[in-house]
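Asks: Structure in C-alpha coordinates, see below.
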Amino acid sequence: MAEGKLKIAVIDDGINMGLIHRMRDKKNEITCLQAWKGTCVAQYTTPLQMINHGTVCTLILLESLETEKILNDVQIVSISVLDMEKRNNLRKLSGAIQWSIDNKVNLISLSIGLKQFVSADRIIEVSKKAEKNNTIIVAAGANDGIVTYPACLPSVIGVKTADSASEEETFYISPADGIDVREYVPELNVLKKLERDFGYYLSSANSIIAPVVAAQIAEIILREEKIADIKLIKKLLAKKKKLKVISDSYGCFLSRTLPETKDIEEMQIPIIAVEYDPLNKKNIEKLSRVLQRKFIKNEYNCVCISDMISENRFEENRFRLPAENTKEWLCFYESFLNANIIIMLVDEKWLNFFVSSRFIDGVVSEKERHFDCPFCHLESTNDDLASQEIFEWVIGLFNA
(Lines give C-alpha, C1' and ligand atoms only; values in the text may rest on other atoms or scores of the structure.)
Protein backbone atom coordinates (compact mmCIF):
# COMPACT_ATOMS: atom_id res chain seq x y z
CA MET A 1 0.00 0.00 0.00
CA ALA A 2 1.09 3.57 -0.67
CA GLU A 3 2.84 5.16 2.27
CA GLY A 4 1.26 8.23 3.84
CA LYS A 5 -2.18 7.58 2.41
CA LEU A 6 -5.32 6.83 4.43
CA LYS A 7 -5.93 3.09 4.26
CA ILE A 8 -9.51 1.90 3.77
CA ALA A 9 -10.52 -1.77 3.71
CA VAL A 10 -13.74 -3.00 2.12
CA ILE A 11 -14.57 -6.35 3.70
CA ASP A 12 -17.12 -8.22 1.59
CA ASP A 13 -17.23 -10.95 -1.08
CA GLY A 14 -14.28 -9.63 -3.07
CA ILE A 15 -14.24 -7.54 -6.23
CA ASN A 16 -14.31 -7.98 -9.98
CA MET A 17 -11.48 -5.71 -11.18
CA GLY A 18 -12.65 -6.06 -14.80
CA LEU A 19 -15.99 -4.48 -13.87
CA ILE A 20 -14.25 -1.78 -11.81
CA HIS A 21 -12.17 -0.75 -14.85
CA ARG A 22 -15.17 -0.94 -17.17
CA MET A 23 -17.32 1.25 -14.93
CA ARG A 24 -14.71 3.96 -14.37
CA ASP A 25 -12.86 6.17 -16.81
CA LYS A 26 -9.69 6.23 -14.74
CA LYS A 27 -7.50 3.51 -13.35
CA ASN A 28 -7.78 2.81 -9.64
CA GLU A 29 -5.21 0.74 -7.81
CA ILE A 30 -6.90 -1.60 -5.36
CA THR A 31 -5.17 -4.33 -3.38
CA CYS A 32 -7.31 -7.48 -3.69
CA LEU A 33 -6.96 -9.91 -0.77
CA GLN A 34 -8.83 -12.85 0.69
CA ALA A 35 -9.13 -14.02 4.29
CA TRP A 36 -7.36 -17.35 4.68
CA LYS A 37 -6.31 -19.29 7.78
CA GLY A 38 -6.23 -16.28 10.09
CA THR A 39 -4.40 -13.99 7.67
CA CYS A 40 -4.96 -12.45 4.21
CA VAL A 41 -3.49 -13.59 0.90
CA ALA A 42 -3.99 -12.49 -2.70
CA GLN A 43 -7.63 -12.93 -3.75
CA TYR A 44 -7.90 -16.44 -5.17
CA THR A 45 -11.67 -16.88 -5.46
CA THR A 46 -13.60 -14.82 -7.98
CA PRO A 47 -17.05 -13.61 -6.89
CA LEU A 48 -19.96 -15.83 -7.85
CA GLN A 49 -21.56 -13.11 -10.01
CA MET A 50 -20.01 -10.53 -12.33
CA ILE A 51 -21.86 -7.73 -10.53
CA ASN A 52 -21.36 -8.75 -6.95
CA HIS A 53 -21.95 -7.02 -3.63
CA GLY A 54 -18.31 -6.23 -2.86
CA THR A 55 -17.68 -4.72 -6.29
CA VAL A 56 -20.75 -2.50 -6.09
CA CYS A 57 -19.83 -1.31 -2.58
CA THR A 58 -16.27 -0.56 -3.74
CA LEU A 59 -17.55 1.39 -6.75
CA ILE A 60 -19.80 3.41 -4.42
CA LEU A 61 -16.84 4.07 -2.13
CA LEU A 62 -14.69 5.28 -5.05
CA GLU A 63 -17.41 7.67 -6.23
CA SER A 64 -18.05 8.90 -2.70
CA LEU A 65 -14.33 9.56 -2.15
CA GLU A 66 -14.35 11.60 -5.37
CA THR A 67 -17.34 13.55 -4.07
CA GLU A 68 -15.36 14.29 -0.90
CA LYS A 69 -12.36 15.26 -3.10
CA ILE A 70 -9.98 12.90 -1.30
CA LEU A 71 -9.67 9.91 -3.66
CA ASN A 72 -6.00 10.65 -4.33
CA ASP A 73 -5.29 10.64 -0.59
CA VAL A 74 -6.65 7.13 -0.07
CA GLN A 75 -5.41 3.59 -0.65
CA ILE A 76 -8.12 0.91 -0.88
CA VAL A 77 -7.80 -2.76 -0.05
CA SER A 78 -10.55 -5.31 -0.69
CA ILE A 79 -10.73 -8.32 1.64
CA SER A 80 -12.92 -11.18 0.48
CA VAL A 81 -14.50 -13.49 3.06
CA LEU A 82 -15.70 -16.01 0.47
CA ASP A 83 -15.07 -19.69 1.12
CA MET A 84 -14.18 -22.26 -1.52
CA GLU A 85 -17.87 -22.67 -2.39
CA LYS A 86 -18.02 -18.91 -3.09
CA ARG A 87 -20.29 -18.22 -0.12
CA ASN A 88 -19.73 -15.51 2.47
CA ASN A 89 -18.06 -17.20 5.41
CA LEU A 90 -18.79 -14.84 8.27
CA ARG A 91 -16.45 -16.79 10.54
CA LYS A 92 -13.67 -15.21 8.49
CA LEU A 93 -14.97 -11.73 9.25
CA SER A 94 -13.19 -11.36 12.58
CA GLY A 95 -9.93 -12.52 10.96
CA ALA A 96 -10.28 -9.89 8.23
CA ILE A 97 -10.81 -7.18 10.84
CA GLN A 98 -7.83 -8.42 12.84
CA TRP A 99 -5.65 -8.32 9.72
CA SER A 100 -6.78 -4.72 9.15
CA ILE A 101 -5.75 -3.80 12.70
CA ASP A 102 -2.38 -5.51 12.35
CA ASN A 103 -1.70 -3.79 9.03
CA LYS A 104 -2.57 -0.28 10.23
CA VAL A 105 -5.76 0.12 8.23
CA ASN A 106 -7.40 3.40 9.28
CA LEU A 107 -10.98 2.72 8.22
CA ILE A 108 -13.11 -0.34 7.41
CA SER A 109 -16.28 -0.23 5.29
CA LEU A 110 -18.44 -3.22 6.17
CA SER A 111 -21.80 -4.06 4.64
CA ILE A 112 -22.16 -7.57 6.10
CA GLY A 113 -22.53 -8.91 9.62
CA LEU A 114 -23.91 -11.49 12.05
CA LYS A 115 -27.39 -11.60 13.55
CA GLN A 116 -26.86 -14.02 16.46
CA PHE A 117 -25.27 -12.94 19.74
CA VAL A 118 -24.27 -16.52 20.55
CA SER A 119 -21.93 -16.56 17.53
CA ALA A 120 -20.77 -12.94 17.73
CA ASP A 121 -18.21 -13.19 20.56
CA ARG A 122 -15.17 -12.97 18.27
CA ILE A 123 -16.67 -10.06 16.32
CA ILE A 124 -17.38 -8.20 19.57
CA GLU A 125 -13.85 -8.81 20.84
CA VAL A 126 -12.07 -7.76 17.63
CA SER A 127 -14.32 -4.69 17.19
CA LYS A 128 -13.31 -3.47 20.64
CA LYS A 129 -9.69 -4.13 19.71
CA ALA A 130 -10.14 -2.12 16.50
CA GLU A 131 -11.36 0.88 18.47
CA LYS A 132 -8.40 0.67 20.86
CA ASN A 133 -5.99 0.47 17.92
CA ASN A 134 -7.52 3.44 16.07
CA THR A 135 -9.12 1.40 13.28
CA ILE A 136 -12.58 2.85 12.63
CA ILE A 137 -15.31 0.45 11.48
CA VAL A 138 -18.34 1.72 9.56
CA ALA A 139 -20.89 -1.11 9.40
CA ALA A 140 -24.37 -1.40 7.91
CA GLY A 141 -27.32 -2.62 9.93
CA ALA A 142 -29.51 -5.35 8.42
CA ASN A 143 -32.24 -4.21 6.04
CA ASP A 144 -34.87 -6.23 7.91
CA GLY A 145 -34.14 -4.29 11.11
CA ILE A 146 -32.79 -7.30 13.02
CA VAL A 147 -29.78 -6.70 15.26
CA THR A 148 -26.50 -6.86 13.33
CA TYR A 149 -23.01 -7.38 14.75
CA PRO A 150 -20.76 -5.46 14.61
CA ALA A 151 -22.99 -2.56 13.41
CA CYS A 152 -24.84 -2.36 16.75
CA LEU A 153 -21.71 -2.10 18.91
CA PRO A 154 -20.64 1.20 20.55
CA SER A 155 -17.09 0.60 19.26
CA VAL A 156 -18.43 0.76 15.68
CA ILE A 157 -20.24 3.41 13.63
CA GLY A 158 -23.49 1.68 12.67
CA VAL A 159 -25.39 3.10 9.68
CA LYS A 160 -28.72 2.68 7.94
CA THR A 161 -30.68 4.52 5.27
CA ALA A 162 -33.29 7.18 5.92
CA ASP A 163 -36.56 7.27 4.02
CA SER A 164 -36.44 10.69 2.38
CA ALA A 165 -40.23 10.87 2.36
CA SER A 166 -40.75 10.47 6.10
CA GLU A 167 -37.47 10.59 8.03
CA GLU A 168 -34.78 13.11 8.79
CA GLU A 169 -31.08 12.37 8.58
CA THR A 170 -30.24 11.64 12.21
CA PHE A 171 -27.43 10.94 14.63
CA TYR A 172 -28.45 8.95 17.73
CA ILE A 173 -26.30 9.39 20.82
CA SER A 174 -27.95 6.44 22.58
CA PRO A 175 -29.56 4.35 19.82
CA ALA A 176 -32.13 1.75 20.87
CA ASP A 177 -31.10 -0.52 17.99
CA GLY A 178 -27.40 0.28 18.19
CA ILE A 179 -27.34 2.12 14.84
CA ASP A 180 -25.78 5.57 15.21
CA VAL A 181 -26.38 7.25 11.86
CA ARG A 182 -29.34 7.42 9.50
CA GLU A 183 -28.63 9.13 6.15
CA TYR A 184 -30.27 9.43 2.74
CA VAL A 185 -28.75 7.49 -0.11
CA PRO A 186 -27.36 10.17 -2.45
CA GLU A 187 -27.70 10.19 -6.21
CA LEU A 188 -24.97 7.80 -7.28
CA ASN A 189 -23.79 7.78 -10.90
CA VAL A 190 -22.45 4.26 -10.57
CA LEU A 191 -25.91 2.86 -9.76
CA LYS A 192 -27.42 4.70 -12.73
CA LYS A 193 -24.70 3.32 -15.01
CA LEU A 194 -25.16 -0.24 -13.71
CA GLU A 195 -28.87 -0.02 -14.42
CA ARG A 196 -28.36 1.55 -17.85
CA ASP A 197 -25.59 -0.75 -19.07
CA PHE A 198 -26.51 -4.03 -17.37
CA GLY A 199 -30.13 -3.72 -16.25
CA TYR A 200 -28.83 -4.08 -12.70
CA TYR A 201 -31.02 -2.27 -10.18
CA LEU A 202 -30.14 -1.97 -6.51
CA SER A 203 -32.87 -0.62 -4.25
CA SER A 204 -32.08 1.74 -1.38
CA ALA A 205 -30.35 -0.54 1.13
CA ASN A 206 -28.20 -0.12 4.21
CA SER A 207 -25.25 -1.74 2.43
CA ILE A 208 -25.19 1.23 0.03
CA ILE A 209 -24.93 3.84 2.74
CA ALA A 210 -21.96 2.18 4.51
CA PRO A 211 -19.33 3.12 1.84
CA VAL A 212 -20.93 6.57 1.48
CA VAL A 213 -20.53 7.27 5.21
CA ALA A 214 -17.07 5.67 5.19
CA ALA A 215 -15.99 8.26 2.60
CA GLN A 216 -17.44 11.09 4.71
CA ILE A 217 -15.53 9.84 7.74
CA ALA A 218 -12.35 9.46 5.67
CA GLU A 219 -12.58 13.18 4.86
CA ILE A 220 -12.98 13.98 8.57
CA ILE A 221 -9.98 11.83 9.53
CA LEU A 222 -7.78 13.49 6.89
CA ARG A 223 -9.00 16.98 7.74
CA GLU A 224 -8.47 16.43 11.44
CA GLU A 225 -5.01 14.92 10.88
CA LYS A 226 -6.04 11.29 11.27
CA ILE A 227 -8.04 11.68 14.47
CA ALA A 228 -9.40 8.25 15.46
CA ASP A 229 -11.50 8.74 18.61
CA ILE A 230 -14.77 6.99 17.75
CA LYS A 231 -17.04 9.22 19.85
CA LEU A 232 -15.50 12.41 18.49
CA ILE A 233 -15.72 11.17 14.91
CA LYS A 234 -19.43 10.43 15.37
CA LYS A 235 -19.96 14.00 16.62
CA LEU A 236 -17.89 15.49 13.80
CA LEU A 237 -19.89 13.48 11.25
CA ALA A 238 -23.15 14.81 12.72
CA LYS A 239 -21.76 18.34 12.43
CA LYS A 240 -20.41 17.83 8.90
CA LYS A 241 -23.70 16.42 7.59
CA LYS A 242 -25.92 18.66 9.75
CA LEU A 243 -27.68 15.62 11.13
CA LYS A 244 -30.50 15.95 13.61
CA VAL A 245 -29.11 14.86 16.98
CA ILE A 246 -31.29 12.72 19.27
CA SER A 247 -29.86 12.00 22.70
CA ASP A 248 -32.39 9.35 23.79
CA SER A 249 -34.00 7.45 20.94
CA TYR A 250 -36.12 5.09 23.06
CA GLY A 251 -39.17 7.34 23.17
CA CYS A 252 -39.47 7.83 19.41
CA PHE A 253 -38.05 4.47 18.38
CA LEU A 254 -40.93 2.26 19.47
CA SER A 255 -43.61 4.40 17.78
CA ARG A 256 -41.74 3.98 14.48
CA THR A 257 -41.15 0.24 14.95
CA LEU A 258 -44.39 -0.78 16.69
CA PRO A 259 -46.45 -1.61 13.56
CA GLU A 260 -43.83 -4.23 12.63
CA THR A 261 -43.74 -5.99 16.03
CA LYS A 262 -45.80 -8.98 17.10
CA ASP A 263 -48.64 -9.02 19.59
CA ILE A 264 -47.58 -10.27 23.01
CA GLU A 265 -49.87 -13.29 22.59
CA GLU A 266 -47.91 -14.38 19.51
CA MET A 267 -44.59 -14.66 21.31
CA GLN A 268 -43.35 -18.24 21.31
CA ILE A 269 -40.28 -17.92 23.55
CA PRO A 270 -40.28 -18.15 27.35
CA ILE A 271 -40.15 -14.97 29.46
CA ILE A 272 -38.87 -15.64 32.97
CA ALA A 273 -39.38 -12.89 35.54
CA VAL A 274 -36.76 -12.71 38.31
CA GLU A 275 -38.07 -10.63 41.19
CA TYR A 276 -35.95 -8.13 43.10
CA ASP A 277 -36.46 -5.56 45.85
CA PRO A 278 -34.24 -2.68 47.06
CA LEU A 279 -32.44 -4.95 49.54
CA ASN A 280 -31.38 -7.67 47.08
CA LYS A 281 -31.20 -5.61 43.89
CA LYS A 282 -27.43 -5.97 43.40
CA ASN A 283 -27.44 -9.67 44.24
CA ILE A 284 -30.21 -10.42 41.74
CA GLU A 285 -28.43 -8.41 39.04
CA LYS A 286 -25.26 -10.43 39.67
CA LEU A 287 -27.20 -13.71 39.65
CA SER A 288 -28.86 -12.77 36.35
CA ARG A 289 -25.43 -12.37 34.72
CA VAL A 290 -24.31 -15.82 35.87
CA LEU A 291 -27.60 -17.34 34.72
CA GLN A 292 -27.44 -15.60 31.35
CA ARG A 293 -23.89 -16.85 30.75
CA LYS A 294 -25.03 -20.38 31.54
CA PHE A 295 -27.78 -20.23 28.91
CA ILE A 296 -25.44 -18.72 26.32
CA LYS A 297 -22.78 -21.32 27.04
CA ASN A 298 -25.45 -23.91 26.20
CA GLU A 299 -26.12 -22.05 22.91
CA TYR A 300 -29.37 -20.39 23.93
CA ASN A 301 -29.55 -16.76 22.82
CA CYS A 302 -30.51 -15.55 26.28
CA VAL A 303 -31.45 -11.88 26.57
CA CYS A 304 -31.65 -10.01 29.86
CA ILE A 305 -34.01 -7.03 30.07
CA SER A 306 -34.29 -4.78 33.09
CA ASP A 307 -35.25 -1.32 34.30
CA MET A 308 -31.88 -1.32 36.12
CA ILE A 309 -30.20 -0.88 32.73
CA SER A 310 -29.99 2.72 31.56
CA GLU A 311 -29.04 2.01 27.94
CA ASN A 312 -28.72 -1.06 25.76
CA ARG A 313 -25.51 -3.08 26.12
CA PHE A 314 -25.27 -5.01 22.88
CA GLU A 315 -21.89 -6.48 23.72
CA GLU A 316 -23.48 -8.15 26.79
CA ASN A 317 -26.97 -8.93 25.36
CA ARG A 318 -28.52 -6.87 28.17
CA PHE A 319 -31.19 -4.28 27.43
CA ARG A 320 -33.10 -1.42 28.92
CA LEU A 321 -36.78 -1.96 29.71
CA PRO A 322 -38.56 1.40 29.67
CA ALA A 323 -41.33 1.89 32.22
CA GLU A 324 -43.91 2.57 29.50
CA ASN A 325 -45.12 0.16 26.80
CA THR A 326 -43.48 -2.84 28.50
CA LYS A 327 -45.35 -5.42 26.44
CA GLU A 328 -44.50 -3.69 23.19
CA TRP A 329 -40.80 -3.47 24.12
CA LEU A 330 -40.73 -7.17 24.94
CA CYS A 331 -42.30 -7.98 21.57
CA PHE A 332 -39.76 -5.77 19.83
CA TYR A 333 -36.78 -7.30 21.62
CA GLU A 334 -37.99 -10.85 20.97
CA SER A 335 -38.03 -10.33 17.20
CA PHE A 336 -35.16 -7.82 16.98
CA LEU A 337 -32.72 -10.01 18.96
CA ASN A 338 -33.59 -13.52 17.71
CA ALA A 339 -33.94 -14.49 21.36
CA ASN A 340 -34.47 -18.05 22.62
CA ILE A 341 -35.29 -16.94 26.15
CA ILE A 342 -35.81 -13.61 27.91
CA ILE A 343 -34.82 -13.07 31.52
CA MET A 344 -36.74 -10.09 32.82
CA LEU A 345 -35.60 -8.52 36.09
CA VAL A 346 -38.75 -7.21 37.76
CA ASP A 347 -39.23 -4.86 40.70
CA GLU A 348 -41.48 -6.62 43.23
CA LYS A 349 -44.00 -3.77 43.12
CA TRP A 350 -44.67 -4.52 39.41
CA LEU A 351 -44.58 -8.30 39.49
CA ASN A 352 -48.29 -8.89 40.11
CA PHE A 353 -49.14 -6.63 37.19
CA PHE A 354 -46.87 -8.53 34.82
CA VAL A 355 -48.17 -11.92 35.95
CA SER A 356 -51.82 -10.83 35.69
CA SER A 357 -51.12 -9.56 32.17
CA ARG A 358 -50.34 -13.19 31.30
CA PHE A 359 -47.16 -12.74 29.31
CA ILE A 360 -44.84 -14.02 32.02
CA ASP A 361 -44.15 -17.75 31.64
CA GLY A 362 -42.48 -18.28 35.02
CA VAL A 363 -41.38 -16.43 38.14
CA VAL A 364 -38.20 -16.75 40.20
CA SER A 365 -38.14 -15.21 43.68
CA GLU A 366 -36.37 -15.47 47.02
CA LYS A 367 -39.76 -15.03 48.67
CA GLU A 368 -42.46 -17.66 49.02
CA ARG A 369 -45.13 -16.51 46.59
CA HIS A 370 -48.15 -17.94 44.80
CA PHE A 371 -48.91 -17.16 41.16
CA ASP A 372 -51.06 -18.56 38.40
CA CYS A 373 -47.89 -19.53 36.54
CA PRO A 374 -44.87 -21.77 37.26
CA PHE A 375 -42.84 -20.59 40.25
CA CYS A 376 -39.25 -21.29 41.33
CA HIS A 377 -38.38 -20.49 44.95
CA LEU A 378 -34.77 -19.31 45.08
CA GLU A 379 -33.18 -20.68 48.23
CA SER A 380 -29.44 -20.91 47.57
CA THR A 381 -27.30 -17.80 48.07
CA ASN A 382 -24.53 -19.24 45.90
CA ASP A 383 -24.80 -17.78 42.38
CA ASP A 384 -23.47 -20.90 40.64
CA LEU A 385 -25.82 -23.22 42.48
CA ALA A 386 -28.79 -20.90 42.15
CA SER A 387 -28.20 -20.32 38.43
CA GLN A 388 -27.92 -24.06 37.81
CA GLU A 389 -31.16 -24.62 39.71
CA ILE A 390 -32.98 -21.98 37.66
CA PHE A 391 -31.44 -23.22 34.40
CA GLU A 392 -32.61 -26.79 34.99
CA TRP A 393 -36.04 -25.55 36.10
CA VAL A 394 -36.52 -23.49 32.93
CA ILE A 395 -35.27 -26.27 30.63
CA GLY A 396 -37.56 -28.75 32.35
CA LEU A 397 -40.47 -26.34 32.17
CA PHE A 398 -40.37 -26.05 28.39
CA ASN A 399 -39.14 -29.52 27.48
CA ALA A 400 -41.86 -31.30 29.40
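Asks: So which residues in the stretch 142-153 are under 9 Å from the mean Cα position of the chain (by Cα) and open to solvent by 10 Å² or more (accessible area, probe 1.4 Å), if there are any at all?
Replies: Within the stretch 142-153, A142, I146, T148 meet the criteria.
Asks: I would also like to ask the following. Looking at L59, L82, which one is of a type in the set (A, V, I, L, M), within 25 Å of the chain's Cα centre (by Cα) and under 25 Å from E195 (Cα atoms)?
Replies: L59
Asks: Against the conditions (1) in contact (Cβ under 8 Å) with a residue 24 or more places away in the chain; (2) in contact with a Cys (Cβ under 8 Å, 6 or more places away or on another chain); (3) of a type outside the set (S, T, Y), where does E169 fall short? Just the number, please.
Replies: For E169, the failing item is (2).
Asks: Being open to solvent by 20 Å² or more (accessible area, probe 1.4 Å), under 24 Å from K240 (Cβ atoms) and not aromatic (F, W, Y): is that true of E125 here?
Replies: Values: open to solvent by 20 Å² or more (accessible area, probe 1.4 Å): yes; under 24 Å from K240 (Cβ atoms): no; not aromatic (F, W, Y): yes.
For E125, the condition - open to solvent by 20 Å² or more (accessible area, probe 1.4 Å), under 24 Å from K240 (Cβ atoms) and not aromatic (F, W, Y) - is not met.
Asks: Being in a loop (DSSP other than H, G, I, E, B) and closer than 24 Å to Q98 by Cβ is the filter here, so list the residues in the stretch 5-28 that pass it.
Replies: Answer for the stretch 5-28, where residues must be in a loop (DSSP other than H, G, I, E, B) and closer than 24 Å to Q98 by Cβ: K5, D13, G14, I15.
Asks: So, in the stretch 156-183, exactly how many residues are open to solvent by less than 10 Å² (accessible area, probe 1.4 Å) and not in a loop (DSSP other than H, G, I, E, B)?
Replies: Number satisfying all stated conditions: 6.
Asks: Can you confirm whether the stretch 347-359 contains a residue that is on the phi > 0 side of the Ramachandran plot, touching a residue at least 24 places away in the same chain (Cβ under 8 Å) and not in a helix (DSSP H, G or I)?
Replies: Taking every residue of the stretch 347-359 in turn, none turns out to be on the phi > 0 side of the Ramachandran plot, touching a residue at least 24 places away in the same chain (Cβ under 8 Å) and not in a helix (DSSP H, G or I).
Asks: So V190 fits all but one of (1) within 19 Å of M23 (Cβ to Cβ); (2) assigned to a loop (DSSP other than H, G, I, E, B); (3) among the β-branched types (V, I, T); what number is the exception?
Replies: (2)
Asks: Tell me which residues, restricted to the stretch 312-338, are over 15 Å from the mean Cα position of the chain (by Cα) and assigned to a loop (DSSP other than H, G, I, E, B).
Replies: Of everything in the stretch 312-338, those that are over 15 Å from the mean Cα position of the chain (by Cα) and assigned to a loop (DSSP other than H, G, I, E, B) turn out to be L321, P322, A323, E324, N325.
Asks: Of all residues in the stretch 193-206 being assigned to a helix (DSSP H, G or I) and open to solvent by less than 20 Å² (accessible area, probe 1.4 Å), which is farthest from M23 (Cα to Cα)?
Replies: The qualifying residue farthest from M23 (Cα to Cα) is N206.
Asks: Now, a different point. Which one of these does I123 not meet: (1) closer than 18 Å to A176 by Cα; (2) among the hydrophobic types (A, V, I, L, M, F, W, C); (3) not in a strand (DSSP E or B)?
Replies: Unmet condition: (1).
Asks: Does the stretch 246-259 include one or more residues that are modelled with pLDDT under 95, among the basic types (K, R) and assigned to a loop (DSSP other than H, G, I, E, B)?
Replies: no
Asks: How many residues does the stretch 72-115 contain that are of a type in the set (A, V, I, L, M), farther than 21 Å from K160 by Cα and open to solvent by 30 Å² or more (accessible area, probe 1.4 Å)? Give the steps one after another, and end with the answer.
Replies: Kept after step one, since they are of a type in the set (A, V, I, L, M), are these residues of the stretch 72-115: 74, 76-77, 79, 81-82, 84, 90, 93, 96-97, 101, 105, 107-108, 110, 112, 114.
Restricting the remaining residues to those that are farther than 21 Å from K160 by Cα gives 74, 76-77, 79, 81-82, 84, 96, 101, 105.
From what's left, open to solvent by 30 Å² or more (accessible area, probe 1.4 Å): 84.
Residues meeting the conditions: 1.
Asks: Going by the structure shown, is A9 of a type in the set (G, A, S) and buried (at least 18 other Cβ atoms within 10 Å of the Cβ)?
Replies: The answer is yes for A9.
Asks: Filter the stretch 37-55 down to residues that are touching a residue at least 24 places away in the same chain (Cβ under 8 Å) and part of a strand (DSSP E or B) and give me whichever is least open to solvent (accessible area, probe 1.4 Å). Working first, answer last.
Replies: First, pick out the residues of the stretch 37-55 that are touching a residue at least 24 places away in the same chain (Cβ under 8 Å): 38-40, 43, 45-48, 50-55.
From what is left, the residues that are part of a strand (DSSP E or B) are 39-40.
Details: T39: 55, C40: 19 Å².
This residue is C40.
The values are calculated or read from the model by the stated rules, or taken from the named source; none is laboratory data. Everything quoted here is computed from the prediction, not taken from an experiment. A quick note on method: Cβ atoms are made from the backbone with ideal geometry, for glycine too, and the neighbour counts reach across all protein chains shown. Just so you know, the surface numbers come from the protein's heavy atoms only, side chains and all, with ligands and any DNA or RNA stripped out. Shrake-Rupley method; radii C 1.70, N 1.55, O 1.52, S 1.80 Å.
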